[in-house]
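Report on the following structure.
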Amino acid sequence: NLLSGIMPLPDAYTRAERFQITLTISSRVQLFGFLLGAMVGDAGKAHSLQEDGHRLPSTNLRLNLTKRFAHSERFGEYIAMCYNILGLRMYRTKDSPPDSRQLKSVAKAGKYTWNSERSPLVAWIFSNCLGLDFRENTTVTPVNMEWMFNTSPEFRIAFIQGIAESDGHVTYGGTIQIVSDPNVDFLVRLMNSLGARCWTSRARGKT
């Protein structure tokens, strides 16, 4: 088990207490599943082959979440906790001002931002867990995660929750909509493996 030999940072326990979570091996596995889902969704990845003193390829995560929604800050801190269980730092940085797109909206909200420690471990996760190489990205390239179907239902649910929190929302009718154009077939199969009823549609050119 990847997590059994990793000691979470003290920050992980501080954040877990805030979310009323007890960090056990079992809960850490679920949090790792959630983090993988977020890596497919909102969490940006920055790769490096020769930086920060690493002899191996290394990767870090960054989050830019709109301040328009109150839950964005909570979601960012939750992702930081998930990252901390890998023994890696993720820290809140200075909020970003509204970009050109946001300035055209009524809210004119800026963004909450987080940045993480760069690590070969995260590069390994990107390559071996998401099944992508460094020339690919999760925005346009489908993940290669067939191994997910051999995991527990709890882990698959945590993964879907991570994607849903990143690239989804709940409609007034009570359905969950996830926008993930390159991973439609994979997500439908994953939902079906859990006995969940789901269907696909296109909106604004995306599925």
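Scoring 64-73, 15-24, 115-124, 157-166 by mean Cβ neighbours within 10 Å over their residues and listing the highest first yields 157-166, 115-124, 64-73, 15-24. With a cut-off of 15 Å between beta carbons, the residues surrounding Arg92 carry a summed charge of +3, where Lys and Arg count +1 and Asp and Glu -1. With R₀ fixed at 30 Å, the C-beta to C-beta distance from Leu2 to Tyr91 puts the FRET efficiency at about 0.85.
The numbers here are math on the coordinates, done by the rules we state, and not lab data. Only a predicted model underlies this, so the values are computations on that prediction, with no experimental measurement involved. Note: ideal-geometry Cβ built from the backbone for every residue, glycine included; neighbour counts use all protein chains shown.
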